[in-house]
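The values are calculated or read from the model by the stated rules, or taken from the named source; none is laboratory data. It should be emphasised that the depicted structure is a prediction, and the values quoted were computed from it without experimental measurement. Ideal geometry is used to build each Cβ from the backbone, glycine not excepted, and the neighbour counts take in all protein chains shown.
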Amino acid sequence: MEFLGLLNYWIVVVLMMTGFYIVIAHNNLVKKIVGLNIFQVSVFVFYITMAKVKGGTAPILAEGIEIYSNPLPHVLILTAIVVGVATTALGLALVVRIHDAYGTIEDDEIEARENEL
Amino acid sequence: MAAQYPALQVVLALLAAPVCLILRRPNAAWAVATVITWISLALALSLLGRVLETGVILYPMGDWAAPWGIEYQIDTVNAFMLVIVTLIGSVVMPFARASVEAEIEEERIYLFYCMYLLNLAGLLGIAITGDVFNLFVFLEISSLSSYVMISLGRDKRALTAAYRYLVIGTIGATFYIIGVGMMYMTTGSLNMADLAAILPAVADSRTVLVALGFLTVGLGLKLALFPLHLWLPNAYAYAPSAVTVFLAATGTKVAVYAFIRIFFTVFGGVEIFTAGVIPQILAVLAALAMIGASAVAIYQTDVKRLLAYSSIAQIGYMVLGISMVTVTGLAGTIVHLFNHAIMKGGLFMAMGCILFKIGTVQLDQFEGLGKRMPVTMAAFVAGGFSLIGVPLTVGFVSKWYLVQAALEKGWWLAVAAILASSLLAVIYIWRVVEVAYFRPPPKGSAEVSEAPLSMLVPLWILIGASYYFGIDATQTLDIAFAAAETLFAPPL
């Protein structure tokens, strides 16, 4: 029962580790960015999960609404999503430039070419 | 008007960045960036004066009361940080004009100034804010702009350096927000002072401990704490000179400040930290950085990279001061933030002048440089003395207080590490001096003259400052000790 109650948090941990593993283990620079995205999304899910109040509705000031979910983490995560988008865009732009300069986006090939310089 | 200074400190630079984008002309963008930086310095000095006179300044953004709204809290520590960042910016800007023209394609120069202003806004924001999530946002503003600035380097390795820094930096920032999220889960607050008041009551929960772990590793990545420093050497070595000067002198310093803030203000009331094993871990990592990075610096053939490794060692000194958890140790760290900023800024500026004239900073090209560029090389040697910690330099002042703090604690090994690291610094500075002064210039090499005055004057201002504040350190030390004491004072 406890496992099901914490299901969202388990998903967070699995996503986080998946993303982190991709960033570390993959050789392809675009895949690393994908991993970074998965890693960041896990944090978004984490924030949104902790804001949820059982039986709560949206935080609207209206008759009959007494329990509502905490809206603050949602706002924080909107900011974090914007930051994530900017990071992804910049990362991919750098990958394009790296491809122009080195002719490859495989990390080990780039490193081999750098060592020749 | 004076009441709005805290907001203006960040907003001016933030608004000036898009102005550069509209102007497009390199000289106009440079003028805007310079004027804004100088105004920011004036604001920072006035804020520091007010803090020293009347104590903490609280500024609720948009009049939303804390802890719900975002509040700027300025005490001696961050007022001093604001001055360090804007001071370095103000000296770098005149230097940047010629250096950037030589190193960045003309049609990209205005973009550089735009990114510089965003970076300045981000760094000032980190230093001024009293809200842990707001700090994350500014951290990302400054990081994203620094990735772009590094990638502007001429060498194609600048691109991969920027990419690797982006990946590591993003992991660090994400770790930081995981930590913030966990603190928010247990306390329901994001305001630093409010967190400091609530955390002691819930300090036994595992969530808070895990949060502290995430925050430590996240900020450790940002400040290049050994062994999380791998992004730094290439990023500093291949970035344009002006960028290296600015980032080396301010970027990691502000991250060290954030680290201090989290540990001493937010977790100030929590005993787990002061009694736990964390200080020992930090001290060991710091000592490894001081000795390991200095040893690696000796074997570098690129002098910018050599200085980058020396920066990692110097960050070790700062972390060592933090790990002592005493007023003297922390004051040593804070004064070293300032001292290292001016001396490393000066040394990287010397590299900028050499790159400007001979187009490379490979050590084997330095032969005879003592005769070919005497003013620049003299500045390098003078700055090198400071890095080693020769008396009358700022490097000596920082090391003196760190050694004193270590003796107070009876940490003999830390004293030995400081001495060993200084001896290693003698070796790597000597290697450069030996090549530049005691080897004849290669036959047939053109007579090299000095870089333009607009680069030499800022260089000598920083080198001169590293002697001025080394001979009369009372001003900086007074502020550093006052700052360290406020960090140990019970929260408001």
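Being in a helix (DSSP H, G or I), at pLDDT 90 or above and under 22 Å from B:Thr360 (Cα atoms) is not true of B:Leu402. The number of residues in the range B:130-155 being at the interface with chain A (Cβ under 9 Å from one of its Cβ atoms) and more than 21 Å from B:Thr250 (Cβ to Cβ) comes to 2. Taken over the range B:33-56, the criterion of being of a type in the set (A, V, I, L, M, F, W, C), surrounded by fewer than 19 Cβ atoms within 10 Å (Cβ to Cβ) and farther than 16 Å from B:Tyr5 by Cβ is satisfied by B:Val35 alone.
Give the residue that is surrounded by the fewest Cβ atoms within 10 Å (Cβ to Cβ), with candidates limited to residues of the range B:156-172 that are touching a residue at least 60 places away in the same chain (Cβ under 8 Å) and within 8 Å of chain A (Cβ to nearest Cβ). The residue in question is B:Arg157.
For the range B:1-107, the helices (runs of 4 or more DSSP H) that sit wholly inside it and include 2 or more residues that are of a type in the set (D, E, K, R) are B:26-54, B:76-103. Taking helices (runs of 4 or more DSSP H) as the structural unit, those lying wholly within the range B:406-492 and holding at least 3 residues that are within 30 Å of B:Asp75 (Cβ to Cβ) correspond to B:453-471, B:474-488. Can you find, within the range B:282-322, the residue that is surrounded by the most Cβ atoms within 10 Å (Cβ to Cβ) among those that are of a type outside the set (A, V, I, L, M) and within 18 Å of B:Trp400 (Cβ to Cβ)? By that ranking, first place goes to B:Gly321.
Taken as a whole, the structure leaves B:Ala436 outside the set of residues that are touching a residue at least 12 places away in the same chain (Cβ under 8 Å) and under 20 Å from the mean Cα position of the chain (by Cα). Here A:Val43 does not qualify as more than 9 Å from chain B (Cβ to nearest Cβ), under 30 Å from B:Asn191 (Cβ atoms) and modelled with pLDDT of 90 or more.
Residues in the range B:371-380 that are assigned to a helix (DSSP H, G or I), surrounded by 17 or more Cβ atoms within 10 Å (Cβ to Cβ) and within 29 Å of the chain's Cα centre (by Cα): how many? Going through the range B:371-380 one residue at a time, the tally reaches 4.
Being among the polar types (S, T, N, Q) and more than 11 Å from chain B (Cβ to nearest Cβ) is true for just one of A:Asn70, A:Asn37, A:Asn27. Which residue is that? Going through A:Asn70, A:Asn37, A:Asn27 in turn, the sole match is A:Asn27.
Applying the condition of being within 26 Å of the chain's Cα centre (by Cα) and among the β-branched types (Val, Ile, Thr) to the range B:173-212 and asking which residue is farthest from the other protein chains (Cβ to nearest Cβ) yields B:Val180.
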